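Working notes, structure below.
The values are calculated or read from the model by the stated rules, or taken from the named source; none is laboratory data. Just so it is clear, the model here is predicted, and its values are computed rather than measured. Please note: Cβ atoms are built from the backbone with ideal geometry, for glycine as well, and neighbour counts cover all protein chains shown. Calculation scope for accessible area: heavy atoms of the full protein, side chains included, ligands and nucleic acids excluded. Shrake-Rupley method; radii C 1.70, N 1.55, O 1.52, S 1.80 Å.
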There are 2 protein chains.
Amino acid sequence: MPSYQAPLRDMRFVMDEMFDYPSHYAALPCGDEASPDVVNAILEEGARFARDVLLPLNQSGDEEGCLLEGGEVKAPQGFKEAYQQYVEGGWPSLAADPEQGGQGLPPSLAMMLSEMICATNLAWGMYPGLSHGAADALRHHGTDEQKETYLTKLVEGVWTGTMCLTEPHCGTDLGLIKTRAVPNESGAYAITGTKIFISAGDHNLAENIVHLVLAKLPGAPEGSKGISLFVVPKFMPDAQGNPGDRNGVSCGSLEHKMGIHGNATCVMNFDGAMGYLVGAPNKGLACMFTMMNAARLGVGIQGLGLIEASFQNSLSYARDRLQMRALSGAQAPEKVADPIIVHPDVRRMLLTQKAFAEGGRMLVLYTAQMLDIVEHGKPGEEKERAETLLGLLTPIVKAFLTEVGFECTNEGVQIFGGHGFIKEWGMEQLVRDARITRLYEGTTGIQALDLLGRKVLMSQGESLKVFTKEIHKFCKTESDNPALKEFVEPLAKLNAEWGELTMGVGMKAMQDREEVGAASVDYLMYSGYVTLAYLFARAAKQSLVELEGDDKAFYAAKLNTARFYYQRLLPRTKAHAQMIQAGAGSLMAMSSEDFGLGFEI
Amino acid sequence: MPSYQAPLRDMRFVMDEMFDYPSHYAALPCGDEASPDVVNAILEEGARFARDVLLPLNQSGDEEGCLLEGGEVKAPQGFKEAYQQYVEGGWPSLAADPEQGGQGLPPSLAMMLSEMICATNLAWGMYPGLSHGAADALRHHGTDEQKETYLTKLVEGVWTGTMCLTEPHCGTDLGLIKTRAVPNESGAYAITGTKIFISAGDHNLAENIVHLVLAKLPGAPEGSKGISLFVVPKFMPDAQGNPGDRNGVSCGSLEHKMGIHGNATCVMNFDGAMGYLVGAPNKGLACMFTMMNAARLGVGIQGLGLIEASFQNSLSYARDRLQMRALSGAQAPEKVADPIIVHPDVRRMLLTQKAFAEGGRMLVLYTAQMLDIVEHGKPGEEKERAETLLGLLTPIVKAFLTEVGFECTNEGVQIFGGHGFIKEWGMEQLVRDARITRLYEGTTGIQALDLLGRKVLMSQGESLKVFTKEIHKFCKTESDNPALKEFVEPLAKLNAEWGELTMGVGMKAMQDREEVGAASVDYLMYSGYVTLAYLFARAAKQSLVELEGDDKAFYAAKLNTARFYYQRLLPRTKAHAQMIQAGAGSLMAMSSEDFGLGFEI
């Protein structure tokens, strides 16, 4: 069975040493609660919960899957009990508003817990995970009554939430939804329609489920301007706020899917279900984005967690498995063969995992500080800046970390060789689970359009400049630090190139909008690599300072990981840069028919 | 359910128009049989068999899997009947030696059939597929009696073969095997040991199974110099050569694995099983490589088949699925949304699949000509050259096509969005099936060491020069063809760089052998991209000639695919080149302990 230890040492490095989280927390209104002691205690307790409660259920949950029986969904054995422990431990309310019964800790802290949960049991983690988006939507757009009725229960964790967006004929293009909401005399709405791919749509973990549902009002405008958001409980709350009568919503079937078997992916049928409008009529898309942005960061963290899980088990296998001698001669002559970690190509794969885990963690914790400020900071310049950076980095967190997450879980399989393909070892499950992260809450292609089209070009490049200026400043400050030259020099060049590439696409896009789509995914990946390069340069700077201290080995390893990243991963930007510049020509030249001429006769 | 049409038009383009297979076949001793009419008839009949018989069993086979009951393995429903049709159709003997009852056609033809089989039902294809390696080993190293007893049955297809190499503690490092062969008085051997990961190790498709087993003789030298090869039948042939008494070999259990569920991956227990030495004592490794080389080409073709399968279904979905409007305005204003094939990023993914399918087919058919000459050609300079090129290209075919095969099947899932993750559509099965191809018959890392270490550097670069000279000649000949400039200019540069990179690694390797392993996988991928660039340049040349002819659209699409390949895939060489040059430093600097310092406290 796979093992897992939360990377607490590395988390502390990033939080305390790189980004000075103690001061960051102290400056937040909620900072008193987030003292270093409390933070450490929470991380350590979370680490135990993930390792001791969630990890043992990961393989069994995958094997067993979910069951739809008599209209009710059962999660795999043990999932319910684990969820009870989770609720009893107060975990759901960690970063929630004290007004709704939350503990009011900064969201960044919940994100590090989320990494641990995703690393040990992604399918389980999605039951509480989906509640965050639902809660965010209610918190920002719900009435006081809705908050009292639903949000407090979500915060407590006794109820869970869903996001019901997708329908059979539309996923990305939500303007096409057919689900209808018909007002009745009480001011409520009768919701009718079919939603698919609803994660945690039904299950036996919580006593009630709060569905956040996109639907169309009678006579609503066409397309995405005619979407409204509704809250639809599985059981109607009674006068005491407890689950009462069953509402007209039920799970029609469970999807059979590649991975995350332990999570119920439901077809949800709404058959005149009672629902209540959240936010203004026809303004559902904005509410939806509130849910979506939280969910997107969450999916990026799923990528990060899976990388760490795959890395730890790959490392352990690479130390144990004896196979061949090192090319330069036996390293463990007392054994029948050398452990495969002696082989440079195995090390290349391990270091790829390690670099993306540590780089991904820096990216998440950098972004998390922005989220903390957006959520808790005082209005002003700093908050505006944080909003801009959060908007810019969210699609990168989501898409870049899931793309490299899929790569890294596959490196895990590769390090295990043929054994990686066998279920027993647990490495192939990580690949199957990781596969969905590139798809849901907006595919990589959609994130890329969000980044390049919506965030960068629509702001005339201003949002990007907020970030590239920060990088430029760092490079300038460190320009005469010879020990950092190997990082700062290429970083400065890439940072400049990032701006030039953006300008280039922007110019072309003025002639032809298709140029945005043609460049978008390569642009997103390029942006991800440069962002991590900046963060690794900062990590290297910090490590150089500590290199003569007590924990020398840790900092030397960090420095080497940064070096590996620059030498063996960052060169991928060269390919992406050229592909960004290649333009739309070869993509758009062929007609739809011409694609099939090799086999359609 | 996924659909499939064999890409006959594209096969004919590559065979007839690019590589002049008619003349190539005519020049082979077996060429009379391989007339254009016969070749076409075989490809068309094979296309029907794959589409009508194999494809309908692919999803059901995945769902059902194999069953071990009462010591006997049952393949999924329908597999046995399909295999009977395959044998009755004479397919197994197509390219086999007439002396053993084969039809004596060139192996290249069987390889195109193999593409169709792998595209429609990889798990099924591995039952007959493994027989090829076993047959090759017996043909090259077996006694006349062994050939008569076993080879004729394998050729006919009434028996199937296996390759029993891997043991629980060793896969790559076969010198560590523990299976023992003890001679008895009759000149036979008693084989005892456990083999794992034995594809088609037991099943109900054929009346007997011929295991080719690596084992150690008493007192054999340590390591790979002490390995011998044995033939071990499941049922001992009786006096008439029919299956008689059960031998002491049986399936102990079936592996539960990520994909290829329809193929029985067996733990095989040899318990004093009767076996016969194949080839000389302690020379089993050479025999093993005979099997392995055939199998490696076969696995590369699996990659190719899966790309084509994923491409065809992705294309069909991209034409049907309506979602969003084109960024430049509605393309299908009469519909609720545009088909997603209008979006440049969807086209990028489709063209990636198309380019690797067509490029992979060129690579396989180029290599197949070398194999034809090696197998059937007269001794002499041409044959020596073919042997060199076959040796050089085999690891590229195997590893490059399976790496990009995994990428392309994943693009298929991505094009389907969330639906790609759902089993029903069949796209995620292609990913799971493709995953094993990067692992078995030598992982990508092993292929890369074979290419760079064994084939290129051990020949002082001479084997590579045979190929780069051919490319150089092509570039020189076409250097004043302005229509080809966009291909020939970058190709000539890459071809020169390939030599320089090789020299660079070679020089470093003289100081430190680890430099070979550090560069190997990037070197292999680089080599694959340049090889396809050469082949696409030739395809472009041919297409330009035909561009004004009757089938203009086909050639225009081919030219555009070549252009896409050069503009949007070939830039990856830039990254690989830089990573090859980065050297072993950052890979080897850390101790095994230091890898875990972020989480091990």
For a label point 7 Å from the Cα of B:GLU63 along Cα→C-beta, name the residues of region A:228-256 whose backbone N is under 17 Å from it.
A:253-256
So what are the three principal axis dimensions of region A:127-191 from its Cα atoms, in whole Å, longest to shortest?
35, 33, 19
Using the alpha-carbon centroid of each, what span in Å lies between region A:78-137 and region B:409-434?
30 Å
Computed over chain A: longest principal axis from alpha-carbon atoms vs helix A:462-477 long axis, angle to nearest 10 degrees, is 30 degrees
Near the amide H of A:ASN208, under 5 Å away, which other amide H atoms are found, from residues 5 or more places off or on another chain, if H is placed in the peptide plane?
A:THR160
Under a cut-off of 18 Å between alpha-carbon atoms, report the lysines in cross-link reach of B:LYS574, not counting same-chain residues fewer than 8 places apart.
A:LYS493, A:LYS574, B:LYS493
Estimated translational D of region B:443-585 in µm²/s (Stokes, Kirkwood radius over Cα pairs; 37 °C; 0.692 mPa s):
205 µm²/s
If you put +1 on each Lys and Arg Cβ and -1 on each Asp and Glu Cβ, how big is the dipole of region B:443-585 around its Cα centre, in Debye rounded to 20?
40 debye
Report the calculated FRET efficiency for B:ALA239 and B:ASP271 (r = Cβ-Cβ distance, R0 = 25 Å), to the nearest 0.05.
0.50
Going by a 4.7 Å Cβ-Cβ cut-off, which cysteines of chain B have no partner at all?
B:CYS30, B:CYS66, B:CYS118, B:CYS164, B:CYS170, B:CYS287, B:CYS408, B:CYS475
Taking Cα atoms only, Rg over Rh for the protein assembly as shown with Rh from the Kirkwood formula is 0.97
Using amide H atoms built 1.01 Å from N in the peptide plane, name the residues 5+ places from A:GLY244, or on other chains, whose amide H lies under 5 Å from its own.
A:MET236, A:ASP238
Candidate lysines for bridging to B:LYS80, where Cα separation is under 27 Å - those fewer than 8 sequence places away on the same chain excluded:
A:LYS423, B:LYS147, B:LYS153, B:LYS195, B:LYS234, B:LYS257, B:LYS423
How far apart, in nanometres, would the label points at A:PHE289 and A:SER224 be if each is projected 7 angstrom from Cα along the Cα-to-Cβ direction?
0.8 nm
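Based on the Cα gyration tensor of region A:1-137, what are the three equivalent ellipsoid semi-axes, each the root of five times an eigenvalue, rounded to whole Å and given largest first?
Here the semi-axes work out to 29, 19, 11 Å.
Let's test the formula: R0 of 30 Å, r as the Cβ-Cβ distance of B:GLU17 and A:GLN581. What FRET efficiency results, to the nearest 0.05?
0.35
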Using the Cα centre as the reference, give the magnitude of the dipole from point charges on the C-beta atoms of the protein assembly as shown (Lys, Arg: +1; Asp, Glu: -1; all else neutral), rounded to the nearest 20 debye.
1760 debye
Expressed in Å to one decimal, the Kirkwood Rh of region B:508-601 from all distinct alpha-carbon pairs is 16.4 Å
Go through region B:325-331 residue by residue and turn each phi into a ³J(HN,Hα) via Karplus (6.51, -1.76, 1.60, θ = phi - 60°); whole Hz please, and just put x for glycine and proline.
9, 4, 4, 8, x, 3, 9
Determine ³J(HN,Hα), in whole Hz, for all residues of region B:511-518 in sequence, where each value follows from phi through the Karplus function 6.51 cos²θ - 1.76 cosθ + 1.60 and θ = phi - 60°; x replaces Gly and Pro.
7, 8, 4, 5, 4, 5, x, 5
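Exactly which trypsin sites (Lys or Arg not before Pro) in region A:515-581 are in a DSSP loop and have at most 10 other Cβ atoms within 10 Å?
Nothing satisfies the criteria.
Probe radius 1.4 Å, ligands and nucleic acids left out: can you give me the accessible area buried at the B-A interface, summed over both chains, in Å² to the nearest hundred?
About 9200 Å² of accessible surface is lost on pairing.
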Pull up all non-local amide H partners of A:GLY102: gap of 5 or more, or a different chain, and H-to-H distance under 5 Å with H placed in the peptide plane.
A:ASP97
Please give me, ordered by residue number, the trypsin sites (Lys or Arg not before Pro) of region B:304-347 that lie in loop per DSSP and have at most 16 other Cβ atoms within 10 Å.
B:LYS335
What does the convex hull of the alpha-carbon atoms of chain B project to on average, in nm²?
30.5 nm²
In nm, to one decimal, how far is the modelled label at B:LYS178 from the one at B:GLU207, with both set 7 Å along Cα→Cβ?
3.8 nm
Could you run the Karplus curve 6.51 cos²θ - 1.76 cosθ + 1.60 with θ = phi - 60° over region B:575-588 and give me ³J(HN,Hα) per residue in whole Hz, x for Gly and Pro?
5, 4, 4, 5, 6, 4, 6, 5, x, 8, x, 5, 7, 9
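Please average, across the residues of B:325-336, the number of beta carbons from any other chain that are within 10 Å of each residue's own beta carbon, and give a whole number. Intermediate results must be reported in sequence, preceding the final value.
Working: counts 3, 4, 12, 8, 1, 0, 1, 0, 0, 0, 0, 7.
Mean inter-chain Cβ contacts per residue within 10 Å come to 3.
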On the accessible surface of the protein assembly as shown, probed at 1.4 Å with all protein chains in place, carbon and sulfur together account for a percent value of 52 percent
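Given a 1.4 angstrom probe, what's the average accessible area per residue across the protein assembly as shown, in square angstrom?
Computed with neighbouring chains in place, this is 35 Å² per residue.
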Spin-label pair B:SER186/B:GLU382, simplified geometry with 7 Å Cα→Cβ offset, distance in nm:
4.7 nm
